[in-house]
Amino acid sequence: MDKFKYFALATVAGICFAATAPQAKAQISINIGAAPVCPYGYYDYAPYSCAPYGYYGPEWFHGGVFVGAGPWFHGPAHFNGHVDNRFDPQHGYHGSLPRRGDRPEPAKRVDHISNFKGNEMRDGHGHPGGGEKR
């Protein structure tokens, strides 16, 4: 019977210690920050560098303001817009890119890109596909 008392006492003590143990808090903190200020929008994948004029079609802009891409995307649900991925460094583009904070050239209106010839549809989160326009 002594063995049973010691076992019961050890079990109760173990339960008490387990109940009073401090809870571990998750130490993951993700702060993406503000969307980059780019004259013609930014690529929809990290590090979200600025995209050149002609990468995004006019449906990506509302009143001359970029709708968004990547984690800051705030376009309408099920949005798909045209892009010209020939202006994408991941597809071999080596031309000039605007820097963050640059201003758009007045002659290059983003809300009406004449003769835009996109070759892909994107959803704003880096996923190609879809054929619907918003």
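Among residues of the stretch 101-116 that are at negative phi, those with a beta-carbon under 6 Å from a residue that is hydroxyl-bearing (Ser, Thr, Tyr) at least six positions away or on a different chain give the pairs Lys108/Tyr53; Val110/Tyr40. Pairs linking a residue in the stretch 26-53 that is within 15 Å of Asp102 (Cβ to Cβ) and part of a strand (DSSP E or B) to a residue that is at pLDDT 90 or above and basic (Lys, Arg), with Cβ atoms under 7 Å and 6 or more positions apart or on different chains, are Pro39/Arg103; Cys50/Arg99; Cys50/Arg100. Please give the number of the condition Arg100 fails out of (1) surrounded by 11 or more Cβ atoms within 10 Å (Cβ to Cβ); (2) within 17 Å of Val37 (Cα to Cα); (3) over 17 Å from the mean Cα position of the chain (by Cα); (4) of a type in the set (Lys, Arg). Result: Arg100 passes all but (3). Scanning the stretch 69-83 for residues that are more than 9 Å from the chain's Cα centre (by Cα) and either surrounded by 11 or more Cβ atoms within 10 Å (Cβ to Cβ) or free of Cβ contacts under 8 Å to residues at least 40 places away in the same chain (or both) yields His74, Gly75, Ala77, Phe79, Asn80, Gly81, His82, Val83. Among the residues of the stretch 12-32, is any small (Gly, Ala, Ser) and either at pLDDT 70 or above or surrounded by 13 or more Cβ atoms within 10 Å (Cβ to Cβ) (or both)? Scanning the stretch 12-32 turns up no residue that is small (Gly, Ala, Ser) and either at pLDDT 70 or above or surrounded by 13 or more Cβ atoms within 10 Å (Cβ to Cβ) (or both).
Being under 17 Å from Tyr42 (Cβ atoms) and not β-branched (Val, Ile, Thr): is that true of Phe116 here? Answer is no for this residue.
Restricting the stretch 84-97 to residues that are surrounded by fewer than 20 Cβ atoms within 10 Å (Cβ to Cβ) and in contact with a strand residue (DSSP E or B) (Cβ under 8 Å, 6 or more places away or on another chain) leaves a set whose member that is nearest to Pro128 (Cα to Cα) is Asn85.
The values are calculated or read from the model by the stated rules, or taken from the named source; none is laboratory data. Because the structure is a prediction, the values reported are computed rather than measured. In this analysis, Cβ positions are derived from the backbone assuming ideal geometry, glycine residues included, and neighbour counts consider all displayed protein chains.
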